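Please read the structure below before turning to the comments.
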Amino acid sequence: MLHRIWLSFFLVAFAAGLYQWLWLDDAAIFQRMVQSTFDMSKLSVELAIGLIGTLAFWLGMMKLAESSGLVDKFARGISPLFTRLMPEVPKGHPAMGSMTMNLSANVLGLDNAATPLGLKAMQDLQSLNPQKDTASNAQILFLVLNTSSVTLFPITVFLYRAQQGASDPTSVFIPILIATCCSTLVGLLAVSFVQKIRLWERVTLLYLGGFVAFLLAFIGYFTTLTIDELQRQSSLVGNLMIFSAIIGFLAVAHLKGINIYETFIEGAREGFDVAIKIIPYLLAMLVAIGVLRASGALEGFIWLLKELIGSLGADTRFADALPTAIMKPFSGSGARAMMLETMSSHGVDSFAAYLASVIQGSTETTFYVLAVYFGSVGIRHTRHAIACGLTADLAGIIAAITVGYWFFG
């Protein structure tokens, strides 16, 4: 899927360039398109190099959380919920541990740990699957929860905003938290509806009730504030929670007798490797998107969207962030490149850039997660997994646009 999208960017850009040359007499169009390949190639390396320090710091912090057992404690805390949502998985089965560990890692932003744990969880669930080429109910629910997983610390979005010179890189923290909570809740409800999961049991209601109460408490508090106070409080609460987490990771690891300095260094080393590894992905997508914009095709697409939205009498400012939303279900690197391109074109503190950042943090990449997780166990028939995953994505995008206008509009 992704290679077809990438190829289509170049083909559409070439067609748009031919149109501008032959019909609009723009002889310089191909010079601008070629120049964009150089500019975006340079930008991809600059972005990756600029991320090394901050990425290394947070991977070091997350290594402390993992080593101190915080991830394991969280896993044990949500295990009772899974036994109700996935009745076909026996209590105490290895799948319960690997699933809770995976989702715990996602919540804490442990991307490197989350994927191997997710693959292990899918293999454990496959051992219970009577039809090996068809996704089971438990596998589908697990995948949808992954694609819509609540992330308390969307560090990657903060990193890119900081690298691009944002005045307050973490100002999108609360909007992202609200949007990703909505995505997860809708994803769970969609799967529960299809699979007829009984959500009204006492334990399930306690977990879901607490989740909804947490979300409503945030929304309720921020609805009482003026626009200026809303943005100030959002920044304060977001930064306070993030720094409190840092102190918490350090304190718990120290109390556990862990050498926090050496453990931090061990995790930080991974930051250099990760920053270098993402360069090819950034390069591929940024160059393709840069060529698409230089050809005029991307602006033409956004213009059509604005005309359609405007004809309905709606505000059209969110259309500039829609390329990120459209790309998100297909490619995480593609959506990230769209977000960065929006920041570069409109300014990192523009409404479009704020909204693209919130959209980027609201959900995971549905088709990528589906391909990797299901592909790892040979599943070919995905049943309702795609429909439920895309439903969660749509809810996250709608919530992101709504809170984007609320906080920054």
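The values are calculated or read from the model by the stated rules, or taken from the named source; none is laboratory data. As the structure is a prediction and not an experimental result, all values here were calculated from the model. Areas reflect the complete protein model, heavy atoms only, side chains present, ligands, DNA and RNA absent. Shrake-Rupley method; radii C 1.70, N 1.55, O 1.52, S 1.80 Å.
Counting only heavy atoms of protein chains, what accessible area per residue, in Å², does the range 174-256 have with a probe of 1.4 Å?
On the way: 4460 Å² over 83 residues.
Result: 54 Å² of accessible area for each residue.
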task = Please list, or write none, the aspartates and glutamates whose alpha carbon is within less than 16 Å of the alpha carbon of Lys120, excluding same-chain residues fewer than 8 places away.
result = Asp72, Asp111
query = So, how do all the Cα-to-Cα distances of the range 332-377 break down into 10 Å bins, in percent, from 0 on up?
reply = 28, 40, 21, 10, 1
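Can you divide the C-alpha Rg of the range 181-223 by 2.2 N^0.38 Å and report the result to two decimal places?
On the way: Rg = 11.7 Å, N = 43, 2.2 N^0.38 = 9.2 Å.
Dividing the Cα Rg of the range 181-223 by 2.2 N^0.38 Å gives 1.27.
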Sorted largest first, extent of the range 17-102 alpha carbons per principal axis (Å) = 69, 36, 15
message = Using only the Cα atoms of the range 204-264, what are the Rg and Dmax in Å?
response = 16.8, 46
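With viscosity set to 1.306 mPa s at 10 °C, what whole-number translational diffusion coefficient in µm²/s follows for the range 1-67 from Stokes-Einstein and a Kirkwood radius over Cα pairs?
Working: Rh = 15.3 Å.
Rounded to a whole number, D works out at 104 µm²/s.
Largest first, how would Trp23, Trp303, Trp406 line up by accessible area (1.4 Å probe)? Can you show the working numbers first?
Numbers: Trp23 180, Trp303 145, Trp406 65 Å².
Sorted descending by solvent-accessible area, the residues read Trp23, Trp303, Trp406.
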query = Cα-based Rg (one decimal) and Dmax (whole number) for the range 309-409, in Å?
reply = 15.0, 48
ask   = Considering only protein heavy atoms and a 1.4 Å probe, what is the carbon-and-sulfur percentage of the accessible area of the chain?
value = 67
query = How large is Rg over Rh for the chain, taking Rg from the Cα atoms and Rh as the Kirkwood inverse mean of 1/r across Cα pairs?
reply = 0.98
request  = Working from Cα positions, state the angle (0 to 90°, nearest 10) between the long axis of helix 94-107 and the longest principal axis of the chain.
outcome  = 50
note = In the structure shown, of Lys91/Lys328; Lys42/Lys328; Lys91/Lys196; Lys63/Lys196, the pairs separated by more than 30 angstrom at the C-alpha atoms are Lys91/Lys328; Lys63/Lys196
query = Just how much of Ile359 is accessible, in Å², when a 1.4 Å probe is used and the result is rounded to the nearest 10?
reply = 0
ask   = Do the sum for the chain: with -39,500 (n - 2.57) for every DSSP H run of n ≥ 4, divided by all residues, what is the mean residue ellipticity at 222 nm, to the nearest 500 deg cm²/dmol?
value = -26000 deg cm²/dmol
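Hey, can you find the accessible area per residue of the range 276-409 for me, probe 1.4 Å, expressed in square angstrom?
Values: 4960 Å² over 134 residues.
So the range 276-409 comes to 37 Å² accessible per residue, rounded to a whole number.
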